[in-house]
Amino acid sequence: MRFVHDTLPQRVCFGSGEAAANLGNEIGNLGASRVMLIAAPAESDLADTIATDLPVALRHDDVVMHVPVEVADRARAAAAAYGVDALVSVGGGSTTGLAKAVALTTGLPIVAVPTTYAGSEATPVWGLTEGAKKTTGTDSRVLPKVIVYDAALTMSLPVEMSVASGLNALAHCVDSMWAPNADPVNAAFAAEGIRSLAVGLPKVVANPMDLDGREHALYAAYLSATAFASAGSGLHHKICHVLGGKYNLPHAQTHATVLPYVLAFNGPAAPDAERRIAAAFGTTAALGGLVGLKRELNAPRALADYGFTEDSIAEAAEAILPSVPPSNPRPVTAADLRALLRAAWSGADPETVF
Ligand code: NAD
């Protein structure tokens, strides 16, 4: 066994009902006295409940998915005008993403309080959108110094969004198995993430207030993002990146829909990954485990349901092809991508596509 693994410097505080106390302590540890509290309107009530003891100098709710540059510029200008010395984000990946955009140019420390399973809080990856083009980059300044996880804050996430977001986390895990910097440490995190999602998400669907289910999903979200941050973007993320940026498809639902087709395509060429994913699901085949879980969760099924059209398939395949990682376990042609996208567009049975 031979590998090089980067472990990112981050403090993680995990405790249900403890976000307010943990947040107060961590802001104290940072010595911050002028906090910019970032939360989208839908997340504002959650922020209210945990920010009572914070030295908030500025509240900011101008959050838009995929962080348009003008939204980032307004947030940066506000941070400068109020002389803030720390950023606290309370919300999903879009809110964390805006805090990262501010940190990228200011170097301000972020304390992230995630309320979905997107996992952005555990990666040094930022994203900005200009027109229809999404640019991403990696910078240690945007990695939150502290993550405060509190599963009680995820109770209000609607079931449908919880499922899509949970499958976004599952996609981080699966893609980590064969991404360019895949290594045994990432694989261990990813496998535990898959196991925990398979336990937690059905409980959340059965009862959105099931704290144990929520905790399993949130813990898995952290593992999934840690694996992804180290392993990098594999075929699945390259496909979803183009679909999200070029066709403005919703992030989590796109991941949830595309994942089984990538697993169907790559699985036979990646027997170790296939074996580990199946073991994590507790099934004989990886794809069978994923398809079974998606059925149980009534998860997103077809890209056509999210605005992707049949006549975009060929163009999307051409746009994805140059970014396919050369290390993908199976060579990928434009025809392969067209077949994969066609199946994902229509929601065809992933077990019969390749
Ligand atoms: P999101 O942040 O846009 O949230 C979806 C909706 O749910 C929003 O309206 C939000 O306000 C609401 N919401 C969030 N938490 C809630 C809660 N607990 N209760 C009720 N409503 C709640 O969506 P997302 O899927 O979390 O994040 C997607 C974004 O994150 C994309 O832009 C994606 O590119 C980015 N992302 C980045 C990384 C990274 O490493 N940089 C990783 C994953 C995702």
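What follows is calculated from the coordinates using simple rules that are stated; it is not laboratory data. Since the model is a prediction, treat every value here as computed from it, not as a measurement. Glycine also receives a Cβ, built like all others from the backbone with ideal geometry; neighbour counts cover every protein chain displayed.
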Subject >> Positions within segment 198-219 being surrounded by 21 or more Cβ atoms within 10 Å (Cβ to Cβ) and without any contact (Cβ under 8 Å) to a residue 60 or more places away in the chain, in sequence order >> reply: Gly200, Val204, Gly213, His216
Original post:
Mind checking which residues of segment 122-133 are within 8 Å of the ligand (Cβ to nearest atom) and not in a loop (DSSP other than H, G, I, E, B)?
Top reply: Ala122, Val125, Trp126, Gly127
**OP:** Working only within segment 15-48, note down all residues that are surrounded by 14 or more Cβ atoms within 10 Å (Cβ to Cβ), within 16 Å of the ligand (Cβ to nearest atom) and assigned to a helix (DSSP H, G or I).
**Re:** Ala19, Ala20, Leu23, Ala42, Glu43, Ser44, Leu46, Ala47
Original post:
How about segment 243-343: which helices (runs of 4 or more DSSP H) wholly inside it have at least 2 residues that are within 22 Å of Ala225 (Cα to Cα) and more than 16 Å from the ligand (Cβ to nearest atom)?
Top reply: 251-266, 271-281, 286-297
Original post:
Considering segment 96-107 alone, what residues qualify as being under 22 Å from Thr226 (Cα atoms) and either assigned to a strand (DSSP E or B) or free of Cβ contacts under 8 Å to residues at least 60 places away in the same chain (or both)?
Top reply: Thr96, Gly97, Lys100, Ala101, Ala103, Leu104, Gly107
**OP:** State whether the residues of segment 5-12 include one that is under 20 Å from the mean Cα position of the chain (by Cα), buried (at least 17 other Cβ atoms within 10 Å of the Cβ) and part of a loop (DSSP other than H, G, I, E, B).
**Re:** yes
Original post:
If you go through segment 49-95, how many residues are in a loop (DSSP other than H, G, I, E, B) and hydrophobic (A, V, I, L, M, F, W, C)?
Top reply: 7
Subject >> Test for Val63: is it within 16 Å of the chain's Cα centre (by Cα) and surrounded by 20 or more Cβ atoms within 10 Å (Cβ to Cβ) >> reply: no
**OP:** Tally the residues that are within 13 Å of the ligand (Cβ to nearest atom) and over 11 Å from the mean Cα position of the chain (by Cα), restricting the search to segment 228-242.
**Re:** 8
**OP:** Tell me which of these Pro114 doesn't satisfy, since it passes every other one: (1) more than 20 Å from Asn25 (Cα to Cα); (2) buried (at least 24 other Cβ atoms within 10 Å of the Cβ).
**Re:** (1)
Original post:
So which of Ala191, Ala182, Ala225 ends up being part of a helix (DSSP H, G or I), buried (at least 24 other Cβ atoms within 10 Å of the Cβ) and of a type in the set (A, V, I, L, M)?
Top reply: Ala225
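Conditions tested, residue by residue: (1) of a type outside the set (A, V, I, L, M, F, W, C); (2) within 12 Å of the chain's Cα centre (by Cα); (3) assigned to a loop (DSSP other than H, G, I, E, B); (4) more than 30 Å from Ala270 (Cα to Cα).
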{"site": "Ala118", "(1), (2), (3), (4)": "no, yes, yes, no"}
{"site": "Thr135", "(1), (2), (3), (4)": "yes, no, no, no"}
{"site": "Ile147", "(1), (2), (3), (4)": "no, no, no, yes"}
{"site": "Ala152", "(1), (2), (3), (4)": "no, no, no, yes"}
{"site": "Glu160", "(1), (2), (3), (4)": "yes, no, no, yes"}
{"site": "Leu167", "(1), (2), (3), (4)": "no, yes, no, no"}
{"site": "His172", "(1), (2), (3), (4)": "yes, yes, no, no"}
Original post:
Looking at Ala152, Ala171, Ala182, Ala191, which is the one that is farther than 28 Å from Phe3 by Cα and out of contact with any Asp or Glu (no Cβ under 7 Å at 6 or more places or on another chain)?
Top reply: Ala152
**OP:** Select from segment 94-111 the residues that are within 10 Å of the ligand (Cβ to nearest atom) and surrounded by fewer than 21 Cβ atoms within 10 Å (Cβ to Cβ) and list them in ascending order.
**Re:** none
